[in-house]
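Working notes, beginning with the structure itself.
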Ligand code: ASP
């Protein structure tokens, strides 16, 4: 080794020892005759002192040193002078008095500052990711990531799970996103698909008798990059045979609690993960990913509206369209302009307008454009139901239930943000269970699965598949943390006839089902055990545990929001020979079009 100790491990107990350190110059201060360097390696930072008056040290070399030079220094560990200790640094009581200094490699002036976050543009950070990754924050994040994944592996290993790798070059998997396709050279015109998840393969492993499987699996989905998504991401993928829903929930709960307790910066809010039905989640939070860090629940006011003089809401109530509301504490003073902004926000979620009532903090009277339509008793009843007090703001939505959920669900989150109720100070987990098997509405005359087509309907709901498929509840479960879906899974269908039936409802003809999933359907005929599983989105979970706002902060080499790797400039054009080998004819035209656009033609 070119060093005897890590920079970050020097302590008072090392005083008097001769040690060799190697690392990067985090910062240097030239005091004229004495140079102080903060030398950094992956263990931390040590102060090294090059004193021109001591030890015949090669001072001219020390004078050449700049930030991010790679150095090797040898010397003795000394106590820092009285008053010069740095209690914020683990090595802050000592320093290295250098006898020998060696520049192992110089560095150009760096385009981003490594020793502190200077608020650079993210694209610059991603272009120079290898420099960005030197920073303390990123080193910490990737260590948390390592620790979390190690915890999972150890936890599952102790419970007799085995990790099995499944192929990356595979066949289209139905997770609802677009596939990344890989052209086959050997089979002209044919393509592999990169797995959106190992779903089919893990189910086939159950048929194969591996009762407890897991994998830290890379998944690929060609989705629009809006929001916080990555084309490739990592999930903890798990499948078990002979299990029921609660076996999986209990296992994942124990694993998640342990992982957070051992590796998270942000603590758990509670070891109890409430189990909320999909219906309750929608009714109370307007979302199937309820953010339970705060209350502000949706309250149903349809009964009061039925008899009110507010025609739109009254007739909605009679037509079975709900009126619901949320109460934002202390927002009764909002101006017309504030309310106009919130109305715009609500319209983006599908609202036609935004009705509201406020209890004026000064007059203590209920005000708002719709107040005149209600009797005093009705207003009292509304305020009582909402638990509203002087100074509060009530926002109402009346429409088809899905519109009401989306409008009030998003308004609730917006008000939560405005009121500082969504800070990342703890991790609040809950399960959502009892999802409908199919989404509301139809797609091209067919049902769309809420989770994926391998999810089992609840046993006693199977007869409803013939009479009222939309009423069928499934064995799907999602784990939600601070409003993010961090895991999702289900008990699966393991019988061929039922799987065929669901495929039919989803709109697969017999030929299509055979063509795409013939291997699954056939496997189900050779004694497939009852089974179920789950996948945990590790990038998101780790970002939450590290207190980071997005998943790119916990991935070593993420793509930007345009699915581009700015460091390596991927995706990129390839040479014609490669395209010819793959029988790809049209790329040439695409390349010319891009080049023409770049040349402003
Ligand atoms: N394959 C599913 C997903 O990736 C998870 C599961 O059902 O196990 O979301």
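The values are calculated or read from the model by the stated rules, or taken from the named source; none is laboratory data. What you see is a predicted model; the values in this text were computed from it and never measured. All Cβ positions, even for glycine, are placed from backbone atoms using ideal geometry, and neighbour counts span all protein chains on display.
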Test for residue 512: is it more than 33 Å from the chain's Cα centre (by Cα), part of a helix (DSSP H, G or I) and more than 16 Å from the ligand (Cβ to nearest atom): yes
Residue identified as part of a helix (DSSP H, G or I) and more than 30 Å from residue 375 (Cβ to Cβ) among 250, 303, 288: 250
Filtered residues of segment 548-566 (kept if surrounded by fewer than 16 Cβ atoms within 10 Å (Cβ to Cβ) and either at pLDDT 95 or above or under 29 Å from residue 243 (Cβ atoms) (or both)): 556, 557
Unique residue being outside any loop (DSSP other than H, G, I, E, B), at pLDDT 95 or above and surrounded by 20 or more Cβ atoms within 10 Å (Cβ to Cβ) when the list is 339, 395, 383: 395
Cβ-Cβ under 8 Å pairs, at least 6 apart or on other chains, segment 180-205 side under 10 Å from residue 168 (Cα atoms), far side part of a helix (DSSP H, G or I) and within 16 Å of the ligand (Cβ to nearest atom): 195/201
So residue 465, is it touching a strand residue (DSSP E or B) at 6+ places or on another chain (Cβ under 7 Å), at pLDDT 95 or above and not in a strand (DSSP E or B): yes
Test: residue in segment 256-269 that is within 16 Å of the ligand (Cβ to nearest atom) and either outside any loop (DSSP other than H, G, I, E, B) or within 18 Å of the chain's Cα centre (by Cα) (or both): yes
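Matching residues to (1) assigned to a helix (DSSP H, G or I); (2) in contact with a strand residue (DSSP E or B) (Cβ under 6 Å, 6 or more places away or on another chain); (3) touching a residue at least 12 places away in the same chain (Cβ under 8 Å); (4) at negative phi:
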| site | (1), (2), (3), (4) |
| --- | --- |
| 451 | no, yes, yes, yes |
| 460 | yes, no, no, yes |
| 486 | no, yes, yes, yes |
| 499 | yes, no, yes, yes |
| 502 | yes, no, yes, yes |
Any hit, segment 227-243, residues being assigned to a loop (DSSP other than H, G, I, E, B), away from the ligand (no atom under 13 Å from the Cβ), within 22 Å of residue 405 (Cα to Cα) and under 17 Å from the mean Cα position of the chain (by Cα): yes
Among (1) free of Cβ contacts under 8 Å to residues at least 24 places away in the same chain; (2) in contact with a helix residue (DSSP H, G or I) (Cβ under 8 Å, 6 or more places away or on another chain), the one test that residue 341 misses: (2)
Residue match in segment 164-172 (condition: within 15 Å of the ligand (Cβ to nearest atom), in contact with a helix residue (DSSP H, G or I) (Cβ under 7 Å, 6 or more places away or on another chain), in contact (Cβ under 8 Å) with a residue 40 or more places away in the chain and closer than 27 Å to residue 438 by Cβ): yes
Filtered residue count, segment 89-114, keeping only those that are assigned to a loop (DSSP other than H, G, I, E, B) and either touching a helix residue (DSSP H, G or I) at 6+ places or on another chain (Cβ under 7 Å) or closer than 14 Å to residue 48 by Cα (or both): 9
Residue under evaluation residue 422, criteria (1) within 16 Å of the ligand (Cβ to nearest atom); (2) within 19 Å of the chain's Cα centre (by Cα); (3) in contact (Cβ under 8 Å) with a residue 60 or more places away in the chain, criterion not met: (1)
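Has segment 58-75 got at least one residue that is in contact with a helix residue (DSSP H, G or I) (Cβ under 6 Å, 6 or more places away or on another chain) and either in a strand (DSSP E or B) or surrounded by 15 or more Cβ atoms within 10 Å (Cβ to Cβ) (or both)?
Here is the first cut: in segment 58-75, the ones in contact with a helix residue (DSSP H, G or I) (Cβ under 6 Å, 6 or more places away or on another chain) are none.
No, the conditions are met nowhere in segment 58-75.
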Identity of the residue in segment 444-470, closer than 27 Å to residue 198 by Cα and out of contact with any helix residue (DSSP H, G or I) (no Cβ under 9 Å at 6 or more places or on another chain), that ends up farthest from the ligand (Cβ to nearest atom): 459
Positions within segment 210-219 being under 20 Å from the mean Cα position of the chain (by Cα) and surrounded by fewer than 20 Cβ atoms within 10 Å (Cβ to Cβ), in sequence order: 216, 218
Residues that are more than 16 Å from the ligand (Cβ to nearest atom), out of contact with any helix residue (DSSP H, G or I) (no Cβ under 6 Å at 6 or more places or on another chain) and assigned to a loop (DSSP other than H, G, I, E, B), drawn from segment 177-226: 184, 186, 187, 188, 189, 190, 208, 209, 224, 225, 226
